[in-house]
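The values are calculated or read from the model by the stated rules, or taken from the named source; none is laboratory data. These figures come from a predicted structure and were not determined experimentally. No Cβ is skipped: glycine too gets one built from the backbone with ideal geometry, and neighbour counts run over all protein chains shown. Surface areas here come from the heavy atoms of the whole protein model, side chains and all, with no ligands, DNA or RNA. Shrake-Rupley method; radii C 1.70, N 1.55, O 1.52, S 1.80 Å.
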Amino acid sequence: MQIVHVSDTHLGAKPYHINRLQEHVIEAFDTVIDYVIEARPRVMIIAGDVIDRPRPETHILLHLIRKLKEVTERGVKVILAHGEHDTPGRRDKTLLEVLSEAIDGVYAPRITGSTLEERVAKSMIQVDDTTIGVYQFVKTHVERQREYAKNIMPLYEKAFSRVDGRKVFVAHIGVEGTLIEYATHVNPRDLPSVDYAALGHHHGRWYWKRDGSQGPLMAVYPGSLYPLTIREARSNDKRGPILVDLSGDEPVIQEEYNVEVAKHIVTREITIPTPEYIKVEQRLREVVANSTRGINKDVVLHVPVSIGITVSRAKIESIFIKLSRQMNKIIIPHIRLTATPGESRSVEDVIVASVDPIEIIKTTYKVSKETAKLILALKDALASGDVEAADSIIDELTQKGELLKLANSKGLR
Ligand SMILES: [Mn+2]
């Protein structure tokens, strides 16, 4: 039996709030669907983070339904695992569960409100001679995820030991040895001893082969489909579907397909110590021209920018927007504040720096910069009545375990 394994498709994601990039993410997804239609495996697995938020925009939902149907109508079974992005913070039916009820051939088992044994038993799917167990993802902070994995993994091992034939474990989980060390939940040896573990969560491509007697024969992260952060843009990770054949004694990877709908380039950093905006524009033009020379593909340029404390962030952003239009390219500023050595630090300068609301939240609540940004975004979302956005920010904070920390620091627990 052949399977196509992808993960972290993040359909609906709109990196840096740029519409064109949302289209790129959709294009990447469509490339995978076309690949599946051509390869015609028995099963297509998406190992979590199928969609970018639990309640995506209607056009995204419609697109997903159409594409899943294109696949299932050709006799390909679709197995969807839940990840943090597919799971709402509140107890509620997820969109993936709804899809699995609505479309024949789509399975997204999510068993709640029962014992761990029952959860495991009900999450096993039989396709021909192959048993596919889907990890029951829980949305909580990292330590709790580790504890949960430790408890439930032996139950999967037991459930798999009771069946014959080929065995596949699908899980949205962080595995030790990948790049995202702060978000790992389990050692690959502690995954069930199946033929193939189809993993999601880590956004780069990563392989693991059993060297002792424990764990799956092979565990793979196929990589997300589109770089969503500057770190991912910088990496040379391959991303896209993996075609696996399970008919032999050992799983055989038949194809590692690489999806690349646009070329992401991270330029060298531009340093702007003082508010000389005309110079900035000239420098940026040069950097863009130099970095895109000879490339015909769609290009997304990431420009790290370091600014002095007297430089206006908004002004820099507006220069980038203007040049993006003029040069007809997607140019994204990644701005960080740096006080350059020897720079005069008048009282006014310090005031300008300290009114950065992110800095204020950081020091008041003793949280990371990342969390401060989220709290600020949450305040904005609530002020503008955008409940959807507020929901997804709360989800993100919950996932980081930051709400708990915040509550602890404020003596709310
Ligand atoms: Mn993801």
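Among GLN145, GLN326, GLN399, the largest mean-square fluctuation in a Gaussian network model of the chain, built with springs joining Cα atoms closer than 10 Å, belongs to GLN326. Using only side-chain charges placed at the Cβ, +1 for Lys and Arg and -1 for Asp and Glu, the dipole size of the chain relative to its Cα centre rounds to 840 debye.
Pairs over the 25 Å Cα-Cα cut-off, from the set LYS69/LYS158; LYS67/LYS93; LYS167/LYS209; LYS150/LYS209; LYS297/LYS322; LYS373/LYS400: LYS69/LYS158. Summarised in one figure, the compactness ratio Rg/Rh of the stretch 2-256, Cα atoms and Kirkwood Rh, is 0.93. For the chain, the residue among ILE152, ILE265, SER114 whose Cα projects farthest onto the positive side of the dipole built from Cβ charges is ILE265.
With semi-axes defined as the square roots of five times the eigenvalues of the C-alpha gyration tensor, the equivalent ellipsoid of the stretch 59-128 measures 22, 17, 8 Å, largest first. Fully extending the segment from GLU147 to VAL163 would add 3.1 nm, taking 0.36 nm per residue of separation and subtracting the current Cα-Cα distance. By the rule of a C-alpha distance below 15 Å, with chain neighbours fewer than 8 residues away ignored, the aspartates and glutamates paired with LYS139 are ASP49, ASP52, GLU84, ASP86, ASP92, GLU147, ASP391, ASP395, GLU396, GLU402. Note on the chain: helix-only mean residue ellipticity at 222 nm, from DSSP H runs of 4+ residues weighted -39500 (n - 2.57) and normalised by residue number, equals -12000 deg cm²/dmol.
Extension gain for the segment SER306 to ASP30, taken as residue separation times 0.36 nm less the Cα-Cα distance, is 95.7 nm to one decimal. Peptide packing for 222-235, 8-21, 284-297 was compared via the average number of neighbouring C-beta atoms within 10 Å per residue; ordered from the highest value, the list is 222-235, 8-21, 284-297.
May I ask you to give the average projected area over all directions of the convex hull of the Cα atoms of the stretch 177-336, in nm² rounded to one decimal? The Cα convex hull of the stretch 177-336, projected and averaged over all directions, gives 11.9 nm².
In percent, rounded to a whole number, the relative contact order of the stretch 9-120 is 26, using alpha-carbon pairs under 8 Å and six or more apart. Among beta bridges identified by DSSP and lying wholly in the stretch 2-256, the antiparallel ones come to about 40 percent. Solvent-accessible area per residue in the stretch 14-126 equals 46 Å², computed with a 1.4 angstrom probe and all protein chains kept. Length gained on full extension, ASP92 to ILE37: 16.6 nm, using 0.36 nm per residue less the C-alpha separation.
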